[in-house]
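Below: the structure, in structure tokens.
The values are calculated or read from the model by the stated rules, or taken from the named source; none is laboratory data. In this text, all values refer to a predicted model and were calculated from it rather than measured experimentally. Backbone-built Cβ (ideal geometry, glycine too); neighbour counts: all protein chains shown.
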Amino acid sequence: MVKSKNMLPLKGQRPTSRSDSVETDLLLWWEDFYVPVFEYTLPKMGTLKGKKVLELGAGTGGTATLLAKRGASVVGIDLLPFRLTEAKMRASEHNVVESVDFALMDAMHLAFPDNTFDFVISKSVLVFTEHAQTAKECYRVLKPGGKAIFIENMRYHPMVWLYRKVFLKYSGKLRYFSVQDIETVGAEFERLEHREFHLLAVSALFWQKCIAIPTFYRASLRLLKVIDTSLLKCLPFLKRLCWITAMICHKD
Ligand SMILES: C[S@@+](CC[C@H](N)C(=O)[O-])C[C@H]1O[C@@H](n2cnc3c(N)ncnc32)[C@H](O)[C@@H]1O
């Protein structure tokens, strides 16, 4: 059984059994921070029944399973065979193994014909690739009217930057996103929408370490998310300092 880490549902969060809520256990890591991102992106996909979705860098299959449970037929690709084995197990545990297929493949060189998928999605994967090349490939395999949804990590959040410097030795090799990088990816498509998430909210993780009281963490996170929303609305230039970006790229 693949267990979820960092699982701390927010008080008042909608139950995961509701079909319109995000299954937090399938977000796998930093759920408290990815729920709002998926609440933004999933409605952009509309009804998934009968839709063909490609997931880049499927990892252990959380997102592929989540989408298959919503009716999509999903192909998940990754460079690591053991990740795909785990992904298959996860799909099987959730009874959607018939709706998912996993393949060993490089996101920068997709072995699919042009105009194959209704959606392409990725979460924390483009940072491992050359952005424009991957975006070009995604555009090619999308059907006209399709969308590519890239959920990626940004470069300049001060706390996250420090964390990467200290704890993620390999982070120097990754291509974290700046606003200019977002635009570079968008330039491969006809239209780009994007939204950035989490500025002050990230500091709730610091307070969680200092004052290990779950109620305090939940309350501080909720408050900081509200402050972030207002702050980013009033001072949009601060978006460049956020942690996560969600890009919705449209192919006409
Ligand atoms: C940070 S993990 C994210 C996994 C998954 N998307 C998730 O959110 O749980 C990045 C994944 O991308 C895969 N990956 C990295 N470069 C890739 C590439 N060029 N093509 C396909 N997958 C790649 C890695 O093997 C890894 O499983």
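Kindly indicate whether residue 140 is in contact (Cβ under 8 Å) with a residue 24 or more places away in the chain, more than 20 Å from residue 193 (Cβ to Cβ) and within 13 Å of the ligand (Cβ to nearest atom).
no
Would you check if residue 181 is farther than 16 Å from residue 36 by Cα and modelled with pLDDT of 95 or more?
Criteria met by residue 181.
I need the full set of residues from region 140-171 which are in contact with a helix residue (DSSP H, G or I) (Cβ under 8 Å, 6 or more places away or on another chain) and of a type in the set (Gly, Ala, Ser), in order please.
So in region 140-171, the residues in contact with a helix residue (DSSP H, G or I) (Cβ under 8 Å, 6 or more places away or on another chain) come out as 147-160, 164-165, 171.
The answer is 148, 171.
In region 57-87, how many residues are assigned to a loop (DSSP other than H, G, I, E, B) and either more than 15 Å from residue 128 (Cβ to Cβ) or more than 18 Å from the chain's Cα centre (by Cα) (or both)?
Residues meeting the conditions: 6.
Given the criteria surrounded by 22 or more Cβ atoms within 10 Å (Cβ to Cβ), within 13 Å of the ligand (Cβ to nearest atom) and assigned to a strand (DSSP E or B), does residue 54 qualify? Break it down stepwise before answering.
Working: surrounded by 22 or more Cβ atoms within 10 Å (Cβ to Cβ): yes; within 13 Å of the ligand (Cβ to nearest atom): yes; assigned to a strand (DSSP E or B): yes.
Taking the combined requirement at face value, the residue satisfies it.
Is there any pair linking a residue in region 170-184 that is of a type in the set (D, E, K, R) to one that is crowded, with 17+ Cβ neighbours inside 10 Å and assigned to a helix (DSSP H, G or I), with Cβ under 6 Å and at least six apart or on different chains, and which?
175/127; 181/131
Can you report the number of residues in region 27-41 which are surrounded by fewer than 22 Cβ atoms within 10 Å (Cβ to Cβ) and either among the acidic types (Asp, Glu) or over 11 Å from the mean Cα position of the chain (by Cα) (or both)?
So the count comes out to 1.
If you check 192, 199, 162, which single one turns out to be farther than 24 Å from residue 60 by Cβ, away from the ligand (no atom under 12 Å from the Cβ) and surrounded by 22 or more Cβ atoms within 10 Å (Cβ to Cβ)?
Only one candidate qualifies: 199.
Determine whether region 36-49 contains at least one residue that is of a type in the set (A, V, I, L, M, F, W, C) and within 13 Å of the ligand (Cβ to nearest atom).
Checked against the condition, which is being of a type in the set (A, V, I, L, M, F, W, C) and within 13 Å of the ligand (Cβ to nearest atom), region 36-49 yields at least one hit.
Any residue in region 234-250 that's surrounded by fewer than 16 Cβ atoms within 10 Å (Cβ to Cβ): show its pairings with residues that are modelled with pLDDT of 95 or more at Cβ separation under 7 Å, as long as the two are six or more apart or on different chains.
238/199; 238/231; 238/232
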